[in-house]
1. Does region 115-134 hold any residues that are surrounded by 24 or more Cβ atoms within 10 Å (Cβ to Cβ) and more than 6 Å from ligand 1 (Cβ to nearest atom), and which are they?
2. Quick check: is even one residue across region 25-33 more than 30 Å from residue 312 (Cβ to Cβ), surrounded by 14 or more Cβ atoms within 10 Å (Cβ to Cβ) and under 19 Å from the mean Cα position of the chain (by Cα)?
3. Could you tell me which numbered condition residue 149 fails, if it satisfies all but one of (1) on the phi < 0 side of the Ramachandran plot; (2) touching a helix residue (DSSP H, G or I) at 6+ places or on another chain (Cβ under 9 Å)?
4. I want to confirm something. Restricting to region 194-241 and keeping residues that are in a loop (DSSP other than H, G, I, E, B), under 21 Å from the mean Cα position of the chain (by Cα) and more than 12 Å from ligand 2 (Cβ to nearest atom), which single residue is nearest to residue 81 (Cα to Cα)?
5. Test residue 336 against the stated conditions and say whether it is in contact (Cβ under 8 Å) with a residue 12 or more places away in the chain, under 29 Å from residue 9 (Cα atoms), surrounded by 16 or more Cβ atoms within 10 Å (Cβ to Cβ) and within 14 Å of ligand 2 (Cβ to nearest atom).
6. Which members of region 143-173 meet the condition of being more than 22 Å from residue 269 (Cβ to Cβ), within 10 Å of ligand 1 (Cβ to nearest atom) and surrounded by 17 or more Cβ atoms within 10 Å (Cβ to Cβ)?
7. Run down 71, 109 and say which single residue is closer than 24 Å to residue 9 by Cβ and in contact with a helix residue (DSSP H, G or I) (Cβ under 8 Å, 6 or more places away or on another chain).
8. Taking strands (runs of 3 or more DSSP E) that do not extend beyond region 73-178, which have at least 2 residues that are free of Cβ contacts under 8 Å to residues at least 24 places away in the same chain?
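FYI, it's all coordinate maths here, none of it is from the lab. In this text, all values refer to a predicted model and were calculated from it rather than measured experimentally. Note that each Cβ is placed from the backbone with ideal geometry, even for glycine, and that neighbours are counted across all protein chains shown.
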Ligand code: FAD
Ligand code: EPU
């Protein structure tokens, strides 16, 4: 198995930052993983798991071994009258899996169309969009402990899914590599079109009969109209999570900012769109050198080409400071900063 040395990761992160990894290994199957982990252990190398690099911000060269997950495979492992259970290699491209599910008429992930990245990273932050999160179709996953090399199975409960979070982003951070994911998809899909502009877009598309393929198409249209294509402008989607605040704080803020958008979630908790807070602080469309804030979506920070990761982190701090000063809300990054 080949371990490459001093490799640029520019092509492997959607911000397009040109940093280098001291070592890089492409992992295509579990046996190769076991061998590589043993070598890394012998040489006391720090490890970083990389999928599609669409939720990572590199601020400096990585002085350890990057394991690029390229484990493939899509198989049906069980089915009944209503559901099908599919076992997916963690290196599969997420959107290609969505297209495969649409081709087979299996519902559940159509609202998650066009999210960049790999299957293995999807449970890591419980990817979500347009009213659906992966946890709603999740069955279990297989993961390997990076230190011991042992294999573990994680159920939905074990994963502790939350809004853009899981156990792999909190208490078990950097301890496991996810190798396979099993999803439970529906043969008799129910449709989720209540979120955002989906029904309006379906209307514009002149859809007569609702199905998972035209919901996917509507989601793709909305996403293309707002989010920059990383192939053209470097970005990692939403840079921050949408903050969750108390009803009391919302009430106080409403006296001054009457039009603040808010979405009740549970109990006394309210989600406020970070994009609105950032826009109110006049950051939308801001640009300094090659780093900036997207002009159609203030929650997306961008690299126009020659920017550097540390410049982007500086901008993120300035945005956090100004949002905190104006609203008393601390924005938390969604992107993994390395
Ligand atoms: P990477 O960026 O490679 O890795 C992300 C993190 O997961 C890193 O910490 C990495 O170490 C870890 N990791 C990766 N693979 C594994 C593995 N196999 N085992 C263990 N850890 C692993 N996200 C959403 O939730 N909803 C959206 O709507 C959305 N829209 C986006 C739009 C754009 C234009 C972009 C660029 C990004 C968007 N994202 C969105 C963020 C991103 O696509 C997701 O977080 C995606 O799941 C990241 O996958 P990846 O393979 O690129 O992960
Ligand atoms: N808004 C503004 N100005 C902006 C952007 C947004 O005022 O520049 C306000 C508007 O009120 C708008 C609201 O924010 O109605 C919500 O905006 P949008 O529908 O674009 O969604 P978002 O909250 O910014 C979240 C996710 C996205 C996901 C979309 C659709 C987070 C952090 N982001 O974005 O996920 O695709 O909803 O469900 O939860 C990602 O995680 O990388 C990501 C792109």
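1. Residues satisfying the conditions are 119, 123, 134.
2. The first filter runs over region 25-33 and keeps only residues more than 30 Å from residue 312 (Cβ to Cβ), leaving 28-33.
Those still in the list that are surrounded by 14 or more Cβ atoms within 10 Å (Cβ to Cβ) too: 28-30, 32-33.
Filter once more, keeping what is under 19 Å from the mean Cα position of the chain (by Cα): none.
The answer is no; no qualifying residue exists.
3. Condition (1) is where residue 149 drops out.
4. 229
5. Working: in contact (Cβ under 8 Å) with a residue 12 or more places away in the chain: yes; under 29 Å from residue 9 (Cα atoms): yes; surrounded by 16 or more Cβ atoms within 10 Å (Cβ to Cβ): yes; within 14 Å of ligand 2 (Cβ to nearest atom): yes.
It is true that residue 336 is in contact (Cβ under 8 Å) with a residue 12 or more places away in the chain, under 29 Å from residue 9 (Cα atoms), surrounded by 16 or more Cβ atoms within 10 Å (Cβ to Cβ) and within 14 Å of ligand 2 (Cβ to nearest atom).
6. Once the filter is applied, which keeps residues that are more than 22 Å from residue 269 (Cβ to Cβ), within 10 Å of ligand 1 (Cβ to nearest atom) and surrounded by 17 or more Cβ atoms within 10 Å (Cβ to Cβ), region 143-173 yields 143, 144, 146, 168, 172.
7. Numbers: 109 fails: closer than 24 Å to residue 9 by Cβ.
One residue alone meets the criteria, 71.
8. Working: elements: 74-79, 83-89, 138-145, 151-155.
Per the criteria, 74-79, 151-155.
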